[in-house]
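Notes follow once the structure below has been shown.
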Amino acid sequence: MTRIAIIGAGLAGLSLAHAVRERAEVTLFEKARGVGGRMATRRADLWQFDHGAQFFTAQSQRFQSFLAPAVDAGIVARWDARFVDFDGPEPVRRWQWGADRPHYVGVPKMSALAKYLAGGLDIRLATRIGSIDRAGDAWALADESGADLGQFDWCVSTAPAPQSLDLLPESFAHRQAMADAPMRACFALMLGFDDPLPLDWDAAHVGNADISWMSANSAKPGRDTAPSLLVHSTNAWADAHIEDDPEDVTAHLIAEASRVTGNDLAGGSHVALHRWRYANLPKRDGPPALIDPANRLAACGDWCIHGRVEAAFTSAMALADELVPLL
């Protein structure tokens, strides 16, 4: 049976593994200690934060069908958030999400969907790929210490474009497409409180500020945690300040969130910051996945299409559609 190495156990890698597992022996390698990529959740004492993807939609029938078992199992639920658009500190539009355009989250945390999908797959966690080299007709993978990870007929990277560019061999036919992917950074500020915040909304988009998003993470379905607020910076501000001192970044984002909400948020009982170096990118017009049959190399991910959860799935399925007939 064909052996396939998939680098990355986010939604793209997990979806691809499910699509090809009947035709190939699949091994996933994930540098983090858990699966999910940017569908991530962090727990801290009484608080819980989805500090990457905040929600996702399912526009295509294929993604809806893929999600249906997880919805039926209670792993994914609709989030009917009270939503507000801010222009600086001014709320300019309000509405409630509903069944007309469902927004979904993992339950009881965003990473629950990835953990559900990981069941039954061969996943090597805390394994950072150090090299991918030719070994006859196969690809030999080694970790960053040089330890042998095995030989594979195909190697697929679902890591962000700049990381995939570093990982995949020079012979990969689509290196320029990866180099051209304009991935943007983002800071995630996590604030935990002992008492509920006086907010009349659950989620907010923010314009004319250095923050772009806020959500009361504890208001999502299935959460039984203390009050929390998740704040995302804009991509532009993060790109400009990505190497700044974390304390300075934290102070500025707290000040911006306080200004927009009209509440002093500096007294939170829990404060943490996460830097996403590769968080988002604008919509792209290129191929939804990159495959090089001659070298048996490929890459996919949301960065091929748009920085959205469904885009990661769509890219993985586009690759699977091309890959399966070759197995």
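Each value in this text was obtained by applying a stated rule to the coordinates, not by laboratory testing. Because the structure is a prediction, the values reported are computed rather than measured. When we count neighbours, we look across all protein chains shown, and the Cβ atoms used for this are built from the backbone with ideal geometry, even at glycine.
Considering only beta bridges that DSSP places wholly inside the chain, some 70 percent are antiparallel. Excluding A320 itself, calculate the net charge of residues whose Cβ lies under 13 Å from the Cβ of A320, where each Lys or Arg counts +1 and each Asp or Glu counts -1. For residues surrounding A320, the net value is 0. Once you reduce the range 76-113 and the range 201-223 to the center of their Cα atoms, the two points are 8 Å from each other.
With a cut-off of 12 Å between beta carbons, the residues surrounding Q59 carry a summed charge of +2, where Lys and Arg count +1 and Asp and Glu -1. Pairs of Cα atoms nearer than 8 Å and 6+ residues apart set the relative contact order; for the chain it is 22 percent. A cut-off of 5 Å between modelled amide H atoms, ignoring neighbours fewer than 5 places along the same chain, links G150 with L141. For the chain, a Gaussian network of Cα nodes joined below 10 Å ranks S145, S157, S215 by mean-square fluctuation, and the top entry is S145.
Under the criterion of Cα pairs below 8 Å and six or more residues apart, the relative contact order for the range 182-306 equals 33 percent.
With a cut-off of 14 Å between beta carbons, the residues surrounding R124 carry a summed charge of -2, where Lys and Arg count +1 and Asp and Glu -1.
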